[in-house]
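For reference, the structure is listed below as structure tokens.
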Amino acid sequence: MTAPTLLSPLTVGPRTLRNRVVFTAHLTNAAVDGLPGEQHAAYYEARARGGAGLIITEEHCVHPSDRPYEKVIQGHRPEVLDGYRRITEAVHAHGAVVLAQLNHNGGQGSGMYTRLPLWAPSPVADPLFREVPRQIGEAEIAELVQSYAAVAARCRAGGFDGVEIQASQSSILRAFLSPQANRRTDDHGGPLANRARLLLEVVAAVRAAVGPDLVVGVRLTGEESIADGIHIDEAVSVACMLEASGHVDYLNTSIGMATQTLHLIEASMAVPRGYALFVPNAIRRAVSLPVIGVGRFTAPAQAEQALVEGHCDLVGVARGQIADPDFAAKAARGSDDVRTCLGCNQECIGRVGMNRWLGCVVNPHAGREAVPLPTPRRRGRKVVVVGGGPAGMQAAASAAALGHDVTLFESDERLGGQVRTAATAPARGEFGTMADDLERECRRAGVVVRTAVTVDADLLHRLGPEVVIVATGARPRRPEWAGDRAEVVDVRDVLEGRAAPTGRVLVFDELGFHQGTSVAEALAARGCAVTVATPALVVGQDLGLTLDMEGWERRAHAAGVALWTDVVPMAVDAAESGLRVRLLHHPTGDVTEPEFDSVVCSVHQQPVDDLWKELSGSLFEVHRIGDALAPRRAHAAVVEGRRAAAAL
């Protein structure tokens, strides 16, 4: 056992948790018509089976005035009871404690679905949703308090061990606490004691509704990081008020608010692990209640360290257990094969942000736990996988785990493909753990790995496999406007060391993701004068989905990187010193011809599908996956690798 404190039991109110690992609340987008269903039960059951001590479900809205997004669980509807019971029975079958998070988003919501004005302490529009809410009066405040109590009672009837009241990142209770959102002059506004009044009223009503034998917790924002917002001193004072009420069994923590500082709540890999531990540390020193700490924990050893150093009593591991549902069980076994969350936010945050069900780049089954995996047609088939990037490694590991005889070939001396390339960029190093984890899975599953081997049809005919999985990746595509100028290179040429631009460098980015912004950052760090140009409205437009935009823009500004938008290169010509790049400003038709020493292209790639074409019409059963099929992002490669293995 490598994490003895993390794996030790802890009593929280009337329940004893088997360990300190908490699966904290987060949106799954799995609700159907506002109700929890089989996917919720399967999702939480997988983490309970995997050893989590405490599971806190995603938010349940407590009042019909609150429907901030389409697939929220509408806890105020009596029809949720059947779904509640499926969830609690599934989790209890594996020995975990399960709580429901209760919430009303207030002004951090949308009237799109309700066709009603939003409720809030004051008519202050949220910067993300941009709707002016209605200031609620005493009658609505009393109704709101009772709605929390009513849903808490329903959770008790549904078999939950208790509830967590969200007063953190996206909550009307947070808005009442925050002087930025609460401009009231009555007894629910002004001094902190007044601003905390509603929260204390809700806590008292919820405790009365569930009784003394269920757990009641509160999640607090410790630092909103906005002007006139909640700061750590006030958060500590509120924590003390909650403890003094006698109604609360534990305190959970968070950092940021879910609009202006959303990037702090679910920080990407550019932010150090444990970055938010100062919040639980400060609260824990002021109260005797158990305190949950959060902050991008990706390995049991990191969680153990947070506990040993006294920052918190329990550790919230959300994305880490999305990536590996067996996080806690593997920690208990002392295993070193925990599948690592990358902090990439591509599928758990970005996908949900596009109103799709939650996924995970490194766990292709995340968000689909209720969908049974297909049964192999037969075991023991001889399989050759060509290509050791994420698609090929996932296919090989999955096929070997299903009982097939698998050999994996990679033309490079090392497995990993473009994942290794991405990991060389600034603030992207953790991406390399994806390759490390997949390689370890391959070797443990018994895959025969052969590197520095180029595979062709003749070699395959000599080997005589039944199945060939082609995962040969993609290569850079030179844009037509680049001509044959040697000073025009691809981002991969820079990151893989084949090119070293100096002086004035234009990075042309038509992908809108990390490829262009990362290489721009790398070149600026080498002393280049970097300009990033894009046809889009903003540079790195998809970084907003993964909560990387704020960090990138701050780093780019500090490094002096210039950002040009709405432009398209038309041609590159020789100049007296370097290159003249003809740029079309497409909204106006204006053409400029700035000069640079080099141009780096972040453009779409083309499949390396020569082997697949060569095998067309052969006797092999051939599957083509990943970038060899169509160049996309890592998640598509992993999903297709698993899918190809399941089809054998």
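The condition of being farther than 26 Å from M241 by Cα and surrounded by fewer than 20 Cβ atoms within 10 Å (Cβ to Cβ) holds for only one of V271, V287, that being V271. Scanning the stretch 471-488 for residues that are buried (at least 22 other Cβ atoms within 10 Å of the Cβ) and within 34 Å of the chain's Cα centre (by Cα) returns A471, T472, G473, A474.
Return a yes/no flag: does the stretch 137-147 have any residue that is aliphatic (A, V, I, L, M) and in contact with a strand residue (DSSP E or B) (Cβ under 8 Å, 6 or more places away or on another chain). Walk me through how you get there before you give the answer.
Residues of the stretch 137-147 that are aliphatic (A, V, I, L, M), as a first pass: 139, 141-142, 144-145.
So of that shortlist, the ones also in contact with a strand residue (DSSP E or B) (Cβ under 8 Å, 6 or more places away or on another chain) come out as 144.
Yes, because at least one residue in the stretch 137-147 is aliphatic (A, V, I, L, M) and in contact with a strand residue (DSSP E or B) (Cβ under 8 Å, 6 or more places away or on another chain).
For the condition within 23 Å of I55 (Cα to Cα), at pLDDT 95 or above and either surrounded by fewer than 24 Cβ atoms within 10 Å (Cβ to Cβ) or in contact with a Phe, Trp or Tyr (Cβ under 8 Å, 6 or more places away or on another chain) (or both), what is the one hit in R219, R207, R183, R195? I'd like the intermediate steps shown before the answer.
Values: R219 fails: either surrounded by fewer than 24 Cβ atoms within 10 Å (Cβ to Cβ) or in contact with a Phe, Trp or Tyr (Cβ under 8 Å, 6 or more places away or on another chain) (or both); R183 fails: within 23 Å of I55 (Cα to Cα); R195 fails: within 23 Å of I55 (Cα to Cα).
Step by step, each of R219, R207, R183, R195 is checked, and only R207 is within 23 Å of I55 (Cα to Cα), at pLDDT 95 or above and either surrounded by fewer than 24 Cβ atoms within 10 Å (Cβ to Cβ) or in contact with a Phe, Trp or Tyr (Cβ under 8 Å, 6 or more places away or on another chain) (or both).
Among the residues of the stretch 580-591, none qualifies, meaning not one is of a type outside the set (A, V, I, L, M, F, W, C), in contact with a helix residue (DSSP H, G or I) (Cβ under 8 Å, 6 or more places away or on another chain), assigned to a loop (DSSP other than H, G, I, E, B) and touching a residue at least 24 places away in the same chain (Cβ under 8 Å).
Mind listing whichever residues of the stretch 513-566 are among the charged types (D, E, K, R) and in contact with a Ser or Thr (Cβ under 6 Å, 6 or more places away or on another chain)? Reasoning before the result, please.
Filtering the stretch 513-566 down to residues among the charged types (D, E, K, R) leaves 521, 526, 542, 548, 550, 553-555, 566.
Listed by number, the list holds a single entry, D548.
Which one is nearest to I349 (Cα to Cα), of the residues in the stretch 293-311 that are more than 23 Å from the chain's Cα centre (by Cα) and in contact (Cβ under 8 Å) with a residue 40 or more places away in the chain? Give the steps one after another, and end with the answer.
Let us first name the residues in the stretch 293-311 that are more than 23 Å from the chain's Cα centre (by Cα), namely 307-311.
From what's left, in contact (Cβ under 8 Å) with a residue 40 or more places away in the chain: 307-308.
Details: L307: 27, V308: 30 Å.
That would be L307.
Taking the criterion of being assigned to a loop (DSSP other than H, G, I, E, B), in contact with a strand residue (DSSP E or B) (Cβ under 8 Å, 6 or more places away or on another chain) and either within 22 Å of R351 (Cα to Cα) or small (G, A, S) (or both), the residues of the stretch 539-579 that qualify are V539, G540, G560, S577. Considering (1) assigned to a helix (DSSP H, G or I); (2) buried (at least 18 other Cβ atoms within 10 Å of the Cβ), the lone condition that A301 does not fulfil carries the number (2). How about the stretch 24-53: which of its residues are on the phi > 0 side of the Ramachandran plot, of a type outside the set (G, A, S) and touching a residue at least 40 places away in the same chain (Cβ under 8 Å)? Within the stretch 24-53, N29 is the sole residue that qualifies. A count restricted to the stretch 35-48 and to residues that are surrounded by 20 or more Cβ atoms within 10 Å (Cβ to Cβ) and over 21 Å from the mean Cα position of the chain (by Cα) stands at 1. Here no helices (runs of 4 or more DSSP H) wholly within the stretch 380-457 include at least 1 residues being of a type in the set (F, W, Y). Does L251 qualify as being surrounded by 18 or more Cβ atoms within 10 Å (Cβ to Cβ), more than 29 Å from the chain's Cα centre (by Cα) and modelled with pLDDT of 95 or more? Judged against the criteria, L251 is not a match.
If the requirement is being buried (at least 20 other Cβ atoms within 10 Å of the Cβ), at pLDDT 95 or above, in contact with a Ser or Thr (Cβ under 9 Å, 6 or more places away or on another chain) and not in a helix (DSSP H, G or I), which of these qualifies: A30, A100? Outline the logic, then answer.
On the way: A30 fails: in contact with a Ser or Thr (Cβ under 9 Å, 6 or more places away or on another chain).
Matching residue, one of A30, A100: A100.
For beta carbons closer than 6 Å, sequence separation of 6+ or different chains, a first residue in the stretch 143-172 that is of a type in the set (S, T, N, Q) and a second that is surrounded by 23 or more Cβ atoms within 10 Å (Cβ to Cβ) and in a helix (DSSP H, G or I), the qualifying pairs are S168/R174. When each of S268, S288, S335 is tested for being more than 29 Å from V215 (Cα to Cα), among the hydroxyl-bearing types (S, T, Y) and more than 20 Å from the chain's Cα centre (by Cα), the lone residue that passes is S335. Summed over the stretch 621-642, the residues that are within 22 Å of the chain's Cα centre (by Cα) and in a helix (DSSP H, G or I) give a count of 10. Beta carbons closer than 7 Å, at least 6 apart along the sequence or on distinct chains, never pair a first residue in the stretch 314-334 that is on the phi > 0 side of the Ramachandran plot with a second that is assigned to a helix (DSSP H, G or I) and of a type outside the set (A, V, I, L, M).
Counting the residues of the stretch 67-82 that are within 26 Å of G111 (Cα to Cα), over 19 Å from the mean Cα position of the chain (by Cα) and free of Cβ contacts under 8 Å to residues at least 60 places away in the same chain gives 5.
Residues considered: G229, G256. Of these, the only one that is more than 27 Å from G334 (Cβ to Cβ) and either over 18 Å from the mean Cα position of the chain (by Cα) or assigned to a helix (DSSP H, G or I) (or both) is G229.
Results for (1) surrounded by fewer than 16 Cβ atoms within 10 Å (Cβ to Cβ); (2) in contact with a strand residue (DSSP E or B) (Cβ under 9 Å, 6 or more places away or on another chain); (3) at positive phi, shown as yes or no for each residue.
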position	(1), (2), (3)
T375	yes, no, no
A397	no, yes, no
H404	no, yes, no
G417	no, yes, yes
R420	no, no, no
R428	no, no, no
D437	no, no, no
R462	yes, no, no
E466	yes, yes, no
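The values are calculated or read from the model by the stated rules, or taken from the named source; none is laboratory data. Because the structure is predicted, anything quoted here is derived from the model rather than measured. Cβ sites come from the backbone with ideal geometry, for glycine too, and all protein chains shown count toward neighbours.
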